[in-house]
Structures are given as C-alpha cells and as structure tokens.
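**Student:** First, the structure itself, so that you have it in front of you.
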Amino acid sequence: MNETNRKYRIWIPIAICHLLLVLLGASYIDLSTLGGKYLGYYGALSGAGNSYGFFAPGVSGQLRARFEVVDRNGIQKEVSLTSSASHEAELRVGNIIDQFAGDVEEDEDDDEDGSAQEDLHRSLAASLAGTVFGHHPEANQVVVQFEEMVPVSMKAYREGTRSQWTSLYEAKFIHHLQEARR
Amino acid sequence: MNSLTLSKIKLNSIKQIETFFLSPASPRPLGILRIGLSLVLLAQAFLIRGSIFDFFSHDGLVQGELADYLSTPGTPKISWLVHAVAGLGISESFCIQATCLVYVLSLGLLAVGLFTRTASILTWTLHWTLMNTGYTTAYGVDLYAHVFLFYLMWIPAGAAFSLDVLWGRRSSEASTPARLGLRVIQLHLCITYLCSGIEKASGIQWWNGELLWRALMLPVYRQWDMSWLAQWPLLSKLGGWSTLLFELGYCVFIWPKATRKLWVAAIVSLHLGIAIFLGLGLFGLIMCVLTFSVFGIAAEPRPKIYRSTALNSDPLFSPECAT
C-alpha cells in the first residue's frame, strides 16, 4: 500500500457505513425512524433508503381508471386520460393510478374510520378529473371509475375461468360553470 | 492462539480489506457505466417528452397539494424554482421546459464525458428534482438511476471513454478512487439483488410459477398473448426458480472469475427478458448496464505499453490507436 493509497483509507469506513445504510434501506428499515430526519434525508438524497422489492413477494393485480365525459347535451363518451404515444409514459400514468391502492394500505393504521382514505381517493379522482376537464372543455361532467383486475391462476385458467375488471370506486365531478350556462 | 498470531491475522485482514477497496483499478467499467446510464436516461427523456406537463406541472395529472402530499417532503421540486422566479414574470411552463432542456443537455455532456464532474452533479440534481416533482410517476428505473447518478458524482467516471480524456483534460490511469467507487457500486448491486431475491423467495408465487404467469397476463405488462403458458406450468415455474437462483446467487457467484461471466450473462438475459416480455424496456436496459459495466468489464490495470507525455494515456484514445 503506497502513500497515495493511504490517504484514501478514511473512505473505507465511510463507504462501509453508506453500504450499511443501503442494506437497512433495502430491508425496509426507515432510515428517518432509525436515525432522525437527517439520516432520512441522506437516504433520500443518496438513494440509500430505497428498497428493491420489484414483483416481490408476488403480483396482486392491476388498477385502471376509466373516464366518462358527459357534455351539455347529455352525450356520453369514454375518453383516455392522456394522449401519450409511448409505452413508457403509459407505465408512468399507471403508477399514478396505483396510488389509489398503495396509500389506502399505508393510511389504514392511522385512520380507523377510513375518512382519510376516502379523502385521498376523492382527491386523486378529482385531480384526474381536472385533467380530463382540461382536455375536454365541452365536458359538463366527468365520471371517474377505478377498476381492478386480479389475474386468475393457471389452474383456474385451464378450467375456463377468465380475469375480469371489477369496480372499486366511482365518483362524478360536475363543472359548475358549464352547469350554470345550461 | 497467542496475541502475536491474533495481531498478525488482524493486520492481514486490514491489508486484504485495503487491497479490496484501494488497489488501483482501471476506470473503464465506470466509463461504460456513465455512458450506458446516460443513454438510457436520454432514451427515457425522449419517450416521455410529450407528457412533461402532465407529469411535472402544478395542474398536471396529480395536482397541487395532492402531489406534495404524495411526495417526499423537503426534497427539491420544480415548484421551488417556479416560486423563486415568479417575481420575474417567468411562467411555470417555461421553468419546466428549461429544467428538462438543461437536464437533457447535462445528460448529453455526461454521455460524451465532457466536463464530466460538473455534468454529473447537474444531471443528478435535475434528475432528483424531476423525480420528486413527478414522484407518483416514478418507478424502478428512476430509483436505480437516482442511486447510480449519485455515485457518478463521486467516482472518476470521466476518466475513460470520454472527451475529457481525449482532449487531455484528465488522466485515464488506473487509480484508487476508481477501485473504491467500483467496489461500492458492486457491493450496492449485491445488496439490491440479495434483498430482492430474499423478498421474492418469501412469496409462494415465485415458487409455484404463478408470478410469471400473472405478470405476463396483466394488461399493463402484456406484450404478446402468453395464455398458452397455462398449459405449461413447469415452464413458468422454471422461470421463477431461475430468477431466484440468479438473484440470490448474485452476491456469491458474481465475484469468482470462474462464474462471473456466467452470472453476468444470466443477469443480462434475465433483464432483457423483462424488457422484451413485460415491456419494461428502460428498466431492463438500466439493469443490464449496471451489471455489465461493473462486473462485465475488466477493471485490472492494463500493462503500460508506451509512455505518453500528455495526461492522456488510455490506449483506446491514444494517437497510435487513432491511426
């Protein structure tokens, strides 16, 4: 070990500490709970707080959101949320829709009557409906539906059962200005 | 065992640890990592270019307070910039476009290795800002990019395959920082695969073949009609088992020379499979880049075959090679 290398010795314990944090983060240990908000911030900043359980421990199902626009003449049509051309953009929109499920589970402990979950669902639906109103100025109302599909098992599929979309949540949003013009 | 033997063992262990972390390494794996990561992120930027206002604006798909509620508090967002320049009459849409443009330019500089250190700091900062702004849209590719862009700021990623080297702005010699950076990245990857493998192995779906089947049947990932797989459950099981083997075995079999190439090939195949069959192209590519660059590219210093008076001594960029 020459002199040049010796001056880097100090980085070894630093690197090991960082990797220990990576290990804790990957084991779903919240760094801010463990070491306060500064450690939590370091975890977010460096990515050491990330977990890596993609497709783990299993795949449950898929959520989707459907949007129905009703114009001032009462004509209904189903529209899509974005006009994005790429699959990458569609995956990202799918992640937004997934917030509907993820945050329900996380909020359950703190929210026994479920009102916070309901608020979150309503806010998410309202946010998405706002985008649809923006894309369809003729809309008088927008109906947002969240649906879920849970794939059937291989055995069930062989026996003829097929996966279906089931409705989880529906909300109607009315454009007050449009309503007033009627 | 007497105290002399114990202290000898201790000294030997320390020496081995120092050699593991500090023996000079070629920066070539880091150069390949830098280029691969930049290209994947440039491709990502190109693919979502039409949706930037949907993902990043206050009135986008996830609006205002809801976006703040669902994101990590205290992390940089484009709204910080918008508030900072609001007094100058600069609009939010201009801020978003400017941020995205500078991000793409910094990625370009990072890819070619020009002003690499500055470009890596700028890229990491802007990537994190965009990721936090569109927090609800982020997924695996963003998480990994954030982690490895962070490392690029610290390591000599511009010391190989870069314009900085070509123009003599920096040396491409084997160095201790290159080894240290490489080791941290390699160990980080081992941790991610181990934890991911353990979590997968804790679920029944990876053992009974249901995982691959379900993932392939979900509309979001469905690229082709794979319903025939229901008639061949063993195939799906083998897919699940081999994934567990490759991920759980990563931190062991990626190190010995005898198994390294096999494991790199297996992991690259696994992620190419994810890219092709589940449509997770960018995620698959970034994972291939990570393992291929830091384990698939030799880091041992090359023997010096000539002496150059310039800082540039990478044979790949030497005048001799150019002719």
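**Student:** Go from 0 up to the bin containing the longest alpha carbon distance in chain A, width 10 Å each, and give me the % of pairs per bin.
**Tutor:** Over chain A, the share of Cα pairs per 10 Å bin runs 8, 22, 26, 21, 13, 7, 3, 1, 0 percent.
**Student:** Please rank B:Ser293, B:Ser23, fewest neighbouring Cβ atoms within 10 Å first, as an exposure proxy.
**Tutor:** Starting with the residue having the fewest Cβ neighbours, the order is B:Ser23, B:Ser293.
**Student:** What range in chain B is the longest one free of trypsin sites (Lys or Arg not before Pro) that are in a loop by DSSP and have at most 14 other Cβ atoms within 10 angstrom?
**Tutor:** That would be B:1-303.
**Student:** Next question, about the same structure. Convert 20 °C to kelvin, take the viscosity as 1.002 mPa s, use the Kirkwood radius over C-alpha pairs of the stretch B:175-300 as Rh, and evaluate the Stokes-Einstein diffusion coefficient in µm²/s, rounded to a whole number.
**Tutor:** Estimated diffusion coefficient is 138 µm²/s.
**Student:** Longest segment of chain A with no GluC sites (Glu not before Pro) in a DSSP loop having at most 15 other Cβ atoms within 10 Å?
**Tutor:** Result, exposed sites excluded: A:1-107.
**Student:** Another question about this same structure. Quick one: what are the phi-derived ³J(HN,Hα) couplings along the stretch B:12-25, Karplus 6.51/-1.76/1.60 with θ = phi - 60°, whole Hz, x for glycine and proline?
**Tutor:** 4, 4, 4, 5, 5, 5, 5, 5, 4, 8, 10, 5, x, 10
**Student:** Turning to a different aspect of this structure: Evaluated at 4 °C with a viscosity of 1.567 mPa s, what Stokes-Einstein diffusion coefficient in µm²/s does the stretch B:25-173 have when Rh comes from the Kirkwood expression over alpha-carbon pairs?
**Tutor:** Numbers: Rh = 16.0 Å.
It diffuses with D of about 81 µm²/s by this estimate.
**Student:** Quick one: which residues, 5+ away or cross-chain, put their amide H under 5 Å from the amide H of A:Gln141? H built at 1.01 Å from N.
**Tutor:** It is A:Val70, A:His175, by chain and number.
**Student:** Separate question: What do you get for chymotrypsin sites (Phe, Trp or Tyr not before Pro) in the stretch B:178-280 restricted to DSSP loop and a cutoff of at most 12 other Cβ within 10 Å of the site's Cβ?
**Tutor:** Sparse-neighbourhood loop chymotrypsin sites (Phe, Trp or Tyr not before Pro): B:Trp224.
**Student:** A further question on this structure: For chain B, what does the relative contact order come out to in percent, with C-alpha contacts under 8 Å and a separation of six or more?
**Tutor:** Relative contact order comes out at 25 percent.
**Student:** Please compute one quarter of the surface area of the Cα convex hull for the stretch A:3-46 and express it in square nanometres.
**Tutor:** 3.3 nm²
**Student:** Taking the Cα centre as origin and putting +1 on Lys and Arg beta-carbons and -1 on Asp and Glu beta-carbons, what dipole magnitude results for the protein assembly as shown, to the nearest 20 debye?
**Tutor:** Numbers: 38 positive and 42 negative charges, 611 e Å.
My answer is approximately 2940 debye.
**Student:** Tabulate in residue order the Karplus-calculated ³J(HN,Hα) for the stretch B:92-105, using 6.51 cos²θ - 1.76 cosθ + 1.60 with θ = phi - 60°, rounded to whole Hz; enter x for Gly and Pro.
**Tutor:** After applying 6.51 cos²θ - 1.76 cosθ + 1.60, I find 5, 5, 5, 4, 5, 5, 5, 4, 5, 5, 5, 4, 5, 5 Hz.
**Student:** Take A:His176, B:His58 and order them by how many other Cβ atoms sit within 10 Å, fewest up front.
**Tutor:** In increasing order of surrounding Cβ atoms, one gets A:His176, B:His58.
**Student:** When 1/r is averaged over all different Cα pairs and the result inverted, which Kirkwood radius in Å belongs to the protein assembly as shown?
**Tutor:** Every distinct Cα pair counted, the radius reaches 25.3 Å.
**Student:** When a/c is below 1.5 the answer is rounded, else prolate if a/b is larger than b/c, else oblate, so apply that to the stretch A:26-105 with a ≥ b ≥ c taken from the square roots of the Cα gyration tensor eigenvalues.
**Tutor:** Here the stretch A:26-105 falls in the prolate category.
**Student:** Hey, another quick one. Using the Cα atoms of chain B, I'd like the radius of gyration and the largest Cα-Cα distance, Dmax, both in angstrom.
**Tutor:** When restricted to the Cα atoms of chain B, Rg and Dmax are 22.8, 76 Å.
Read-outs throughout are calculated quantities, based only on the coordinates presented, and are distinct from any laboratory measurement. Note that the coordinates shown come from a computational prediction; the quantities given were computed from them, not determined experimentally. Counting neighbours? That spans all protein chains shown, and the Cβs are built from the backbone with ideal geometry, glycine included.
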